[in-house]
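Worksheet: one structure, shown below.
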Amino acid sequence: MTAAPYHLSVGEAARLLQSRKLSPVELLDAFLARIEAVDAKVHSYLLLTADSARAAARQAEADIMAGRWRGPLHGIPYGVKDNYYTRGVRTCAASRLLLDFVPDHDAAAIEKLRDAGAILLGKLNTWEYGTGTGAVHFDLPFEPARNPWNLDHFTGGSSTGAGASVAAGTAMFALGSDTGGSVRLPAAACGLQGMKPTYGRVSRHGILPNCYTLDVPGPLTWTVEDSAIALRAVAGHDPRDPGSVDVPVPDYVAGLERGARGLRIGVIRDLGAEGERVDAANRQGVEDMARVLAAQGATLVDVKLPASVTEYRQASSVINWTESLSIHEQDFMTRAADMGQALRDKMMSGFMTRAVDYLAAQRRRRELAAATDALLHSVDALILPCAFHTAPPFADPERVIAYTSDTACPPFNMSGHPAMSVCTGFDAAGLPTNAQIVGRWFDEATVFQVARAYERETSWRDRRPTL
């Protein structure tokens with residue numbers, strides 16, 4: 001074992017745990033020490049569950065030593081965005097309004113990870129209520145998470161602590177949620193692999209809702225294999241979530257090494273006038289991915305989205321604002337003064353949106369989803385930019401907002417297709433660059449296959465932040 005335990009991937013650690021070359025207690029202790037050493041400056045956690053984690057690690061060690069290994073997440077420490085309910089553990093979503101809220105049940109994903117033997121380290125930092133406007137006003141009860149590659153820089157939102165934790169080595173993997181890019185953008189900012197699965201693939205039961213028809217839970221991980229392992233554990237039908245879809249969950253890990261040969265991959269280089277804002281380093285990352293896949297035998301074809309990213313974003317914003325207000329109207333009407341400015345501004349946008357606009361946005365969404373699906377059926381997968389920019393400094397508020405707004409994430413929240421942010425290297429300042437891989441509905445397996453085909457031909461996973 002050459003890497004520090006907290007810098008192992010999930011897959012590496014799982015193989016060591018299964019072969020009894022590493023103990024769950026040893027692994028957990030390494031993470032708790034890492035959190036103590038660096039999290040005062042990274043701020044990835046809002047709350048630690050160290051005592052219960054230690055008890056779970058001792059139990060995992062006893063089980064594995066007795067031959068009762070449950071699978072690749074048994075004994076693996078993870079963190080979860082603090083909009084996931086955790087029974088008996090405060091879930092405040094970084095809000096003053098919820099500082100006393102202790103759920104009496106777990107989110108479905110937490111249940112599944114416990115069954116898989118994963119060990120919860122604690123609740124990760126987030127924007128208030130797991131949502132916002134893209135602005136960071138430094139007015140919440142907790143310090144915002146910092147980017148481990150440069151602590152003066154943004155992590156992306158709203159799964160801020162999830163991105164920071166995996167990059168910093170304070171969690172082996174993390175769960176976030178994605179309504180307009182909130183898994184993929186922190187992953188892009190922090191140099192991770194961030195998977196937004198198909199809408200309905202993972203149960204949202206027990207997650208503080210943001211937008212009923214757009215919310216999707218997903219993992220942020222160091223490697224593609226880690227993402228495949230985590231998604232396999234949490235995916236599946238759940239009747240408690242009315243948006244959950246009853247379709248089989250494949251073994252995502254099984255096909256990871258098939259490579260790109262024989263695949264037809266659409267490359268979206270032309271995003272119209274909006275695409276001119278893509279940083280040169282991120283544009284080069286997409287081209288590098290295309291080159292690697294072509295060298296492996298993929299057929300690459302230039303394609304375009306059926307509408308501008310702006311059109312997807314405008315319709316998704318109307319839906320997001322309106323549904324968020326419908327969920328949190330009581331809080332907004334009675335306790336707006338206790339909300340941070342970003343959440344308050346978003347609620348006001350919902351308050352000012354007409355019902356006819358919401359209905360028109362949903363009608364346009366159906367048209368865009370059908371057209372996007374037709375495009376996906378002309379290829380096996382798409383590659384295109386994800387975040388247009390690398391992580392900006394907190395000291396430049398306009399660039400912080402632009403990081404969240406200048407993206408190609410919303411099309412696939414609107415259409416529901418699986419989309420993954422993949423690290424493509426680093427810019428001249430040492431900040432991570434990214435590209436996005438998109439697949440057909442419920443075909444996360446091909447997204448993983450393409451992502452892994454690129455990942456194994458690059459050395460980006462060997463580089464870690466210095467803290």
Residue selected from region 214-255 under the condition in a loop (DSSP other than H, G, I, E, B) and among the hydroxyl-bearing types (Ser, Thr, Tyr), by the criterion surrounded by the fewest Cβ atoms within 10 Å (Cβ to Cβ): 244
Subset of region 68-82, residues part of a loop (DSSP other than H, G, I, E, B), basic (Lys, Arg) and in contact with a strand residue (DSSP E or B) (Cβ under 8 Å, 6 or more places away or on another chain), comes to none
For residue 166, which of the numbered conditions (1) open to solvent by 20 Å² or more (accessible area, probe 1.4 Å); (2) β-branched (Val, Ile, Thr); (3) under 21 Å from residue 226 (Cα atoms) fails to hold? (1)
Filter region 187-203 for residues that are under 21 Å from residue 110 (Cα atoms) and not small (Gly, Ala, Ser); the one that is surrounded by the fewest Cβ atoms within 10 Å (Cβ to Cβ) is 198
Can you pull out every residue in region 336-360 that is open to solvent by 20 Å² or more (accessible area, probe 1.4 Å) and outside any helix (DSSP H, G or I)? 352, 353, 354
Condition test on residue 323, is it closer than 17 Å to residue 458 by Cα, of a type in the set (Asp, Glu) and out of contact with any Ser or Thr (no Cβ under 6 Å at 6 or more places or on another chain)? no
Select, from 100, 51, the only residue that is part of a helix (DSSP H, G or I), surrounded by fewer than 20 Cβ atoms within 10 Å (Cβ to Cβ) and over 23 Å from the mean Cα position of the chain (by Cα). 51
Going residue by residue through region 75-82, is there one that turns out to be of a type in the set (Ser, Thr, Tyr), touching a residue at least 12 places away in the same chain (Cβ under 8 Å) and open to solvent by 20 Å² or more (accessible area, probe 1.4 Å)? no
Count - residues of region 325-355 that are under 14 Å from residue 211 (Cα atoms) and of a type in the set (Val, Ile, Thr): 1
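Matching residues to (1) modelled with pLDDT of 95 or more; (2) surrounded by 23 or more Cβ atoms within 10 Å (Cβ to Cβ); (3) β-branched (Val, Ile, Thr):
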{"site": "1", "(1), (2), (3)": "no, no, no"}
{"site": "12", "(1), (2), (3)": "yes, no, no"}
{"site": "24", "(1), (2), (3)": "yes, yes, no"}
{"site": "28", "(1), (2), (3)": "yes, yes, no"}
{"site": "32", "(1), (2), (3)": "yes, no, no"}
{"site": "37", "(1), (2), (3)": "yes, no, no"}
{"site": "40", "(1), (2), (3)": "yes, no, no"}
{"site": "45", "(1), (2), (3)": "yes, yes, no"}
Can you list residue pairs whose Cβ atoms sit under 6 Å apart, with the first residue in region 16-36 being under 10 Å from residue 170 (Cβ atoms) and in contact (Cβ under 8 Å) with a residue 40 or more places away in the chain and the second being open to solvent by 40 Å² or more (accessible area, probe 1.4 Å) and hydroxyl-bearing (Ser, Thr, Tyr)? Count only pairs 6 or more apart in sequence or on different chains. 31/6; 34/6
Selection within region 279-302 - open to solvent by 10 Å² or more (accessible area, probe 1.4 Å) and either closer than 21 Å to residue 189 by Cβ or in contact with a His (Cβ under 9 Å, 6 or more places away or on another chain) (or both): 279, 280, 281, 283, 284, 287, 288
Residue 62, sole failed condition from (1) open to solvent by 70 Å² or more (accessible area, probe 1.4 Å); (2) at pLDDT 95 or above; (3) touching a Lys or Arg at 6+ places or on another chain (Cβ under 9 Å); (4) among the hydrophobic types (A, V, I, L, M, F, W, C): (1)
Region 256-278, residues that are part of a loop (DSSP other than H, G, I, E, B) and open to solvent by less than 10 Å² (accessible area, probe 1.4 Å): 259, 260, 268
Of all residues in region 103-136 being in contact with a His (Cβ under 8 Å, 6 or more places away or on another chain) and of a type in the set (A, V, I, L, M, F, W, C), which is surrounded by the fewest Cβ atoms within 10 Å (Cβ to Cβ)? 116
Between a first residue in region 140-154 that is in contact (Cβ under 8 Å) with a residue 60 or more places away in the chain and a second residue that is assigned to a strand (DSSP E or B) and aliphatic (A, V, I, L, M), which pairs have beta carbons less than 9 Å apart while being 6 or more apart in sequence or on different chains? 142/46; 145/124
State which residue is nearest to the chain's Cα centre (by Cα) when the search covers only region 303-330 and only residues that are free of Cβ contacts under 8 Å to residues at least 40 places away in the same chain, more than 26 Å from residue 422 (Cα to Cα) and surrounded by 15 or more Cβ atoms within 10 Å (Cβ to Cβ). 321
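The values are calculated or read from the model by the stated rules, or taken from the named source; none is laboratory data. Fair warning: this is a prediction, and the values are worked out from it, not measured in the lab. Heads up, the Cβs are rebuilt from the backbone with ideal geometry, glycines too, and the neighbour counts pull from every protein chain shown. Quick note on the areas: whole protein, heavy atoms, side chains included, nothing else; ligands and nucleic acids left out. Shrake-Rupley method; radii C 1.70, N 1.55, O 1.52, S 1.80 Å.
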